[in-house]
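Just below is one structure, and these are the notes that go with it.
The values are calculated or read from the model by the stated rules, or taken from the named source; none is laboratory data. Keep in mind the model is a prediction, meaning the values are calculated, not measured. Cβ coordinates were reconstructed from backbone atoms using ideal geometry, including for glycine residues, and neighbour counts include every protein chain displayed. Just so you know, the surface numbers come from the protein's heavy atoms only, side chains and all, with ligands and any DNA or RNA stripped out. Shrake-Rupley method; radii C 1.70, N 1.55, O 1.52, S 1.80 Å.
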Amino acid sequence: MEIGYKIKEKRIQLGLTQEELANRCELTKGYISQLENDKTDPSIQTLAIILDVLGISFKDFFSNDPIEEKVVYHKHEIFIKEEANYNLLWPISNAQNKNMEPMFLELFKGGKTDLFDPFEGDVYGYLLEGSINLYLANKLYKISAGESFYFTANYTYLIENDSEYAKIIMISTPPHF
């Protein structure tokens with residue numbers, strides 16, 4: 001079986017670049033390239049991470065049967081990017097092949113996100129807790145718990161906590177993060 005070929009096929013099917021897949025798996029682009037060209041074999045642990053990001057189980061990956069769509073996602077499947085002042089959580093492991101990508105953003109006291117680059121799509125957010133400052137195209141928007149925001153993401157933006165703790169449900173369409 002050509003593991004690399006199947007990974008490449010699934011990655012392309014999801015519209016991901018090698019670099020995007022590598023970033024989501026916390027691997028290097030070079031490693032993904034070697035893997036897809038069957039110049040290296042992944043460990044079981046690395047393959048599990050890659051398949052999780054691609055939204056496919058071991059059983060489905062190694063099966064010749066058609067893949068069924070996943071409907072329910074469990075707590076243990078959440079991917080978390082932990083930074084010093086915030087956490088970004090992806091509750092849907094294979095959102096890259098969906099029409100939208102849901103996320104949770106937790107901002108700690110004094111926390112702010114990195115500057116998000118513009119992309120062709122939309123961003124929606126609903127503030128569950130706290131208050132935040134949304135900097136969009138050099139304009140400041142103050143948002144409180146229970147309020148939401150929606151914008152076309154053709155500008156850079158940044159989100160900053162303006163309280164002790166802030167938690168936001170965010171959706172990007174198409175998937176971007």
Quiz prompt | Solvent-accessible area, 1.4 Å probe, carbon plus sulfur percent, for the stretch 105-159 | solution = 50
Quiz item: Lys75 to Glu26: extension gain in nm, 0.36 nm per residue of separation minus the Cα-Cα distance?
Solution: 15.6 nm
Practice problem: Rounded to whole Å and sorted largest first, list the principal axis extents of the Cα atoms in the chain. | Solution: 54, 31, 28
Quiz item: Nearest-5 percent of antiparallel DSSP beta bridges in the stretch 53-162?
Solution: 100
Quiz item: What is the set of long-range amide H partners of Tyr155 at a cut-off below 5 Å, with H atoms built 1.01 Å from backbone N?
Solution: Phe119
Quiz prompt | Cα centre as origin, Lys/Arg/Asp/Glu Cβ charges: the stretch 1-64 dipole, Debye | solution = 60
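Quote the relative contact order of the chain in percent (integer), defining contacts as alpha-carbon pairs under 8 Å separated by 6+ residues.
19
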Quiz item: Can you list the equivalent-ellipsoid semi-axes of the stretch 1-98, largest first and in whole Å, using the square root of 5 times each Cα gyration tensor eigenvalue?
Solution: 21, 18, 12
Quiz item: Using the Kirkwood radius built from alpha carbon pairs, what does the Stokes-Einstein equation give as D for the stretch 137-177 at 10 °C and 1.306 mPa s, in µm² per second?
Solution: 131
Quiz item: Sorted by mean Cβ packing within 10 Å, highest first, what order do the peptides 138-146, 33-41 take?
Solution: 33-41, 138-146
